[in-house]
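Have a look at the structure below before the remarks.
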Amino acid sequence: MLAEVGDRQITAGELERRILARYYGPRALIGLVREALFLAEAERLGLTVEEAELDARVEEELSSVLGVTPGERQESLDRLRWQGLGLEDVRAELRAELGGMLLIQKVVTRHRDVGDEQLREIYDRTWSAPRRRVRHISFPLRGDPEDAEAVAMVETRANSVRRAILSGASFSESARALSGNPETASQGGEIGWLSREELGDPALAEFIFSLEVGSLSPLYREGEYGFHIFQVIEERPERPFDDVREELRVEALAAAPTDQEIVALEAQLRQRTLVRIRPGVLPPIGGE
């Protein structure tokens, strides 16, 4: 017996059955086969994951899982304690998961062939025009945009948040907690790198490109949508393709592999590696 809850007893056998039911099955077996294929290929290519490299990735992922600020991290740790877990449990689980992922990434990278056509596509999204890395906090109007009282209430709230940030409140934490755009709020308000053309609205583009890097914008009214507070984090100029070709090649090779790349390379590895799975272990394709 492992625990008692009132009159109910939780046994080691029950825990084992629950773990097997949740984590063992076709999906887990397919994952193990894939890892074995990529591990064999990594050995053939002489690729390894260094401890320092894995440690750095684990700490990076911890910040994503637990949060960056002391308040966010403490709240996450409190939730973990309710689940009977601690920081080292999470760290150990991340090490087990990320070690295989990093090795797969190295194998995919070694097989990549990045040509000028792909580099041109990346260039068009990066250095082909002046761009600014922008974040915002959104305050949408929930009712009639012609309702002056409702508009004034949203504007007052937006100005209050802006004053708080000017007084030292965190922009990213404010965006996560208060922004009306869920997608960018989860990223601390980050929209990403944008050119004038990508901003679409000429008036908005002029506003964004007139801001000083690092400064907090005044409120910006976006038509019937509502208000925004913007901040330009950094900027980069336009650069000729020939000047950045090799830089872009390095970035393309280092990018995280897509699911499509992994599946395609796995298919190649299966063609030269014998894979045998005991009959009856995996369900028939299509549920037949």
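Enumerate the pairs (first residue in the stretch 235-254 and open to solvent by 60 Å² or more (accessible area, probe 1.4 Å); second residue anywhere and of a type in the set (Gly, Ala, Ser) and modelled with pLDDT under 95) with beta-carbon separation below 8 Å, excluding pairs fewer than 6 apart on the same chain, so at least 6 apart or on different chains. Note: pairs meeting the criteria are Glu238/Ser128; Glu238/Ala129.
Scanning the stretch 211-231 for residues that are open to solvent by 50 Å² or more (accessible area, probe 1.4 Å) and among the aromatic types (Phe, Trp, Tyr) returns a single hit, Tyr225. Among residues of the stretch 161-177 that are under 12 Å from Ile229 (Cα atoms), those with a beta-carbon under 9 Å from a residue that is among the aromatic types (Phe, Trp, Tyr) and open to solvent by less than 50 Å² (accessible area, probe 1.4 Å) at least six positions away or on a different chain give the pairs Val161/Phe139; Ile165/Phe171. In the stretch 109-129, of all residues being part of a helix (DSSP H, G or I) and open to solvent by less than 60 Å² (accessible area, probe 1.4 Å), the one that is nearest to Leu265 (Cα to Cα) corresponds to Thr109. Among the residues of the stretch 152-174, at least one is open to solvent by 70 Å² or more (accessible area, probe 1.4 Å) and under 21 Å from the mean Cα position of the chain (by Cα).
The set of residues in the stretch 56-69 that are open to solvent by 70 Å² or more (accessible area, probe 1.4 Å) and either in a helix (DSSP H, G or I) or farther than 21 Å from Ser170 by Cα (or both) comprises Glu59, Glu60, Ser64, Val65.
The one condition from (1) in contact with a strand residue (DSSP E or B) (Cβ under 9 Å, 6 or more places away or on another chain); (2) open to solvent by 80 Å² or more (accessible area, probe 1.4 Å) that Glu51 does not meet is (1).
Pairs needed: first member in the stretch 97-108, within 15 Å of Leu265 (Cα to Cα) and of a type in the set (Lys, Arg); second member anywhere, open to solvent by 20 Å² or more (accessible area, probe 1.4 Å) and assigned to a helix (DSSP H, G or I); C-beta distance under 9 Å; at least 6 residues apart or different chains. Sorted first by the residue in the stretch 97-108, then by its partner, the pairs are Lys106/Leu45. For the stretch 130-147, filtering for residues that are in a strand (DSSP E or B) and either open to solvent by 30 Å² or more (accessible area, probe 1.4 Å) or among the acidic types (Asp, Glu) (or both) leaves 2.
Within the stretch 114-151, the only residue that satisfies the criterion of being polar (S, T, N, Q) and in contact with a Ser or Thr (Cβ under 7 Å, 6 or more places away or on another chain) is Ser138.
Among residues of the stretch 72-102 being out of contact with any Gly (no Cβ under 8 Å at 6 or more places or on another chain) and open to solvent by less than 30 Å² (accessible area, probe 1.4 Å), the one that is nearest to Arg249 (Cα to Cα) is Leu102. Apart from one condition, Arg133 fits all of (1) touching a helix residue (DSSP H, G or I) at 6+ places or on another chain (Cβ under 9 Å); (2) under 24 Å from Glu235 (Cβ atoms); the exception is (1).
Residues of the stretch 178-188 that are under 18 Å from the mean Cα position of the chain (by Cα), assigned to a helix (DSSP H, G or I) and either within 16 Å of Phe227 (Cα to Cα) or in contact (Cβ under 8 Å) with a residue 60 or more places away in the chain (or both): Pro182, Thr184, Ala185.
Residues in the stretch 189-210 that are over 26 Å from the mean Cα position of the chain (by Cα) and without any contact (Cβ under 8 Å) to a residue 24 or more places away in the chain were compared, and the one that is least open to solvent (accessible area, probe 1.4 Å) is Ala205. Against the condition over 21 Å from Met101 (Cβ atoms) and at pLDDT 80 or above, how does Arg17 come out, does it pass? No, not satisfied.
The values are calculated or read from the model by the stated rules, or taken from the named source; none is laboratory data. Predicted model, so just to flag it, every value in this text is computed and none were measured. When we count neighbours, we look across all protein chains shown, and the Cβ atoms used for this are built from the backbone with ideal geometry, even at glycine. When the accessible area is computed, the model is the full protein with side chains, heavy atoms only, and any ligands, DNA or RNA have been set aside. Shrake-Rupley method; radii C 1.70, N 1.55, O 1.52, S 1.80 Å.
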